[in-house]
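The values are calculated or read from the model by the stated rules, or taken from the named source; none is laboratory data. Model, not experiment: these values are computed from the prediction. Because the Cβ atoms are built from the backbone with ideal geometry, glycine has one as well, and the counts that use them run over all protein chains shown.
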Amino acid sequence: MNAKLSMILRILLGLMLVVFGANHIHSFMPPMALPTAAGNFMMAMMATGYFLKFVGIYLVILGLLLIFKKWVPFALIVLAPFSVNVLLFHLALAPSAIIIAVIVAVLNILLIYDNWGSYKELFT
């Protein structure tokens with residue numbers, strides 16, 4: 001992949017993670033309307049008192065790593081299970097709001113592919 005395109009995609013993904021992570025911590029964006037099952041799931045996570053804040057911190061840290069180009073291959077691999085989970089959440093419970101989940105997953109996949117050389121040792 002072109003180095004400039006890779007940088008743009010990395011920073012875009014990083015910014016998305018920082019914004020959505022910060023929203024989990026401070027709730028500055030209005031909540032989206034969710035179907036009943038998705039709303040119940042989110043309410044259960046909020047009821048723990050810590051889970052969404054933990055996810056927010058996790059996302060902000062990963063986003064900053066991507067923005068500042070620190071440990072990018074690590075950040076992308078750590079983000080992968082989250083990307084899959086958000087995509088599955090929207091596929092199963094809230095399909096009308098799936099576009100952001102698809103964008104995050106596609107950016108994650110493209111950037112993992114771009115950094116594939118860093119992962120070769122894991123598979124040999």
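Numerical summary
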item	result
Count of residues meeting criterion [farther than 29 Å from Met43 by Cβ and surrounded by fewer than 15 Cβ atoms within 10 Å (Cβ to Cβ)] in the range 54-105	5
Conditions (1) closer than 15 Å to Asn115 by Cα; (2) surrounded by 12 or more Cβ atoms within 10 Å (Cβ to Cβ); number of the one not met by Leu15	(1)
Subset of the range 2-12 [surrounded by 12 or more Cβ atoms within 10 Å (Cβ to Cβ) and either in contact with an Asp or Glu (Cβ under 7 Å, 6 or more places away or on another chain) or among the charged types (D, E, K, R) (or both)]	Ser6, Arg10
Extreme residue, nearest to Gly21 (Cα to Cα), among residues of the range 68-82 that are out of contact with any Lys or Arg (no Cβ under 8 Å at 6 or more places or on another chain) and outside any helix (DSSP H, G or I)	Phe68
Close pairs (6 angstrom Cβ cut-off, 6 or more residues apart or separate chains): closer than 17 Å to Ala75 by Cβ and assigned to a helix (DSSP H, G or I) in the range 111-124, at pLDDT below 85 and hydrophobic (A, V, I, L, M, F, W, C) anywhere	Asp114/Met1
Residue match in the range 82-91 (condition: under 30 Å from Met1 (Cβ atoms), touching a residue at least 40 places away in the same chain (Cβ under 8 Å), out of contact with any Leu (no Cβ under 7 Å at 6 or more places or on another chain) and β-branched (Val, Ile, Thr))	no
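Okay, residues lined up against (1) in a helix (DSSP H, G or I); (2) closer than 22 Å to Ala94 by Cα; (3) among the hydroxyl-bearing types (Ser, Thr, Tyr); (4) under 17 Å from the mean Cα position of the chain (by Cα):
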residue: Arg10; (1), (2), (3), (4): yes, no, no, yes
residue: His24; (1), (2), (3), (4): yes, yes, no, yes
residue: Pro30; (1), (2), (3), (4): no, yes, no, no
residue: Met43; (1), (2), (3), (4): yes, yes, no, no
residue: Leu52; (1), (2), (3), (4): yes, yes, no, yes
residue: Val55; (1), (2), (3), (4): yes, yes, no, yes
residue: Leu66; (1), (2), (3), (4): yes, no, no, yes
